[in-house]
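Input: a single structure, listed below in structure tokens.
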Amino acid sequence: MLGVTIGALIMQPNITIGLVGDYDSSVPAHQAIPLALRSAAESLRLALAFEWVPTEEITTASRISYFNGLWCLPASPYRNTDGALLAIRHARENGVPFLGTCGGFQHAVIEYARNVLGWFDAEHAEVSPNAVRPVITQLECSLVEASALVRFSPGSRIAAAYETNQATVGYRCRYGLNEQFRSQLLAGPLRVASEDENGDVRAVELDRPAFFVATLFQPERAALAGQPVPLAAAFLQACAT
């Protein structure tokens, strides 16, 4: 499924975004993402195209290699977990700008654990409840249709995008980072980019030149209320440079 929007005054090169996930028109985040992208593209005067990429179609990197950026979407478990992980790994290893939200955050953590730390048994507790190393586990307090304040780490890409040190964000998730593995996972180059008021991790990013940001919250939901999505704009800006 292909979506296209053209900026009124084109001042940047054309870019195409791959939306990695299994599209479902009933999912609020899937309704919001095209709105967020189009609004950000117009503000940046970008010519933008985006394509929904079902995870079962990602069996080799060739399926997603031509995109200028990859956004790994909410609404997991995915139909093909390996396909989502392959796309994330492609972005991370090849410097392709990457944004992961909700399920995208969870799978970015799993991909990093497996392929950078060598934790080949790293799993998501939702799909592997008996896993030895569940780096993503059920939250003590569900964040389904919840809003909460988060604080952004100084110097992070998220803080730069929002131009502030905190914001109120929306969620729809039951799973997040397992605090048991936090110190090892986030010792670098993957680092904390945002925490909630209790100090729980709500976003991570790679400490490297390429844009690689993942949030447990769903920043795109602001677009449903007609509000800009600063992180979507920062993502597109990275894709255009």
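The values are calculated or read from the model by the stated rules, or taken from the named source; none is laboratory data. What you are looking at is a predicted structure, and each value in this text was computed from that prediction instead of being measured. Ideal geometry is used to build each Cβ from the backbone, glycine not excepted, and the neighbour counts take in all protein chains shown. Remember, those area values only see protein heavy atoms, side chains included, never the ligands or the DNA or RNA. Shrake-Rupley method; radii C 1.70, N 1.55, O 1.52, S 1.80 Å.
Does the stretch 209-227 include one or more residues that are assigned to a helix (DSSP H, G or I), open to solvent by 40 Å² or more (accessible area, probe 1.4 Å), of a type outside the set (D, E) and out of contact with any helix residue (DSSP H, G or I) (no Cβ under 7 Å at 6 or more places or on another chain)?
Pass one, the stretch 209-227, residues assigned to a helix (DSSP H, G or I): 219-225.
Right, trim to open to solvent by 40 Å² or more (accessible area, probe 1.4 Å) and you get 221, 224-225.
Okay, now just the ones that are also of a type outside the set (D, E), so 221, 224-225.
This time we only want the ones that are out of contact with any helix residue (DSSP H, G or I) (no Cβ under 7 Å at 6 or more places or on another chain), so: 225.
Within the stretch 209-227, one or more residues are assigned to a helix (DSSP H, G or I), open to solvent by 40 Å² or more (accessible area, probe 1.4 Å), of a type outside the set (D, E) and out of contact with any helix residue (DSSP H, G or I) (no Cβ under 7 Å at 6 or more places or on another chain).
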*Is it the case that F235 is more than 27 Å from G69 (Cβ to Cβ), assigned to a helix (DSSP H, G or I) and open to solvent by less than 20 Å² (accessible area, probe 1.4 Å)?*
no
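Being within 21 Å of P77 (Cα to Cα) and either open to solvent by 20 Å² or more (accessible area, probe 1.4 Å) or not in a strand (DSSP E or B) (or both) is the filter here, so list the residues in the stretch 163-176 that pass it. Explain how you work it out, then say what you get.
From the stretch 163-176, those within 21 Å of P77 (Cα to Cα) are 170-176; that's our starting set.
Of everything in the stretch 163-176, those that are within 21 Å of P77 (Cα to Cα) and either open to solvent by 20 Å² or more (accessible area, probe 1.4 Å) or not in a strand (DSSP E or B) (or both) turn out to be R172, R174, Y175.
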*So which residues in the stretch 20-61 are open to solvent by less than 10 Å² (accessible area, probe 1.4 Å), closer than 20 Å to E145 by Cβ and part of a loop (DSSP other than H, G, I, E, B), if there are any at all?*
G21
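Every residue in the stretch 187-208 that is at positive phi and either open to solvent by less than 30 Å² (accessible area, probe 1.4 Å) or touching a strand residue (DSSP E or B) at 6+ places or on another chain (Cβ under 7 Å) (or both), please.
Start the filter on the stretch 187-208 by keeping residues that are at positive phi, which leaves 188, 199.
The answer is G199, and nothing else.
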_Out of V150, V135, I need the residue that is under 18 Å from the mean Cα position of the chain (by Cα) and more than 19 Å from R221 (Cβ to Cβ). Which one?_
V135
_Of the residues R151, R133, only one is under 17 Å from L185 (Cα atoms) and touching an Asp or Glu at 6+ places or on another chain (Cβ under 7 Å); which?_
R133
*Residues being open to solvent by 10 Å² or more (accessible area, probe 1.4 Å) and under 19 Å from P54 (Cβ atoms): count how many of those fall in the stretch 108-121.*
0
*Conditions (1) open to solvent by less than 60 Å² (accessible area, probe 1.4 Å); (2) of a type in the set (G, A, S); (3) touching a strand residue (DSSP E or B) at 6+ places or on another chain (Cβ under 7 Å); number of the one not met by G83*: (3)
*Within the stretch 149-182, count every residue that is more than 22 Å from A122 (Cβ to Cβ) and free of Cβ contacts under 8 Å to residues at least 60 places away in the same chain.*
15
*outside any strand (DSSP E or B) and either open to solvent by less than 60 Å² (accessible area, probe 1.4 Å) or at positive phi (or both), is that true of A160?*
no
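Could you tell me whether any residue of the stretch 62-76 is in a strand (DSSP E or B), of a type outside the set (F, W, Y) and open to solvent by 30 Å² or more (accessible area, probe 1.4 Å)?
Residues of the stretch 62-76 in a strand (DSSP E or B): 69-72.
Now drop any that are not of a type outside the set (F, W, Y), which leaves 69-70, 72.
After this cut, where a residue has to be open to solvent by 30 Å² or more (accessible area, probe 1.4 Å) as well, the list is none.
No - not one qualifying residue is present in the stretch 62-76.
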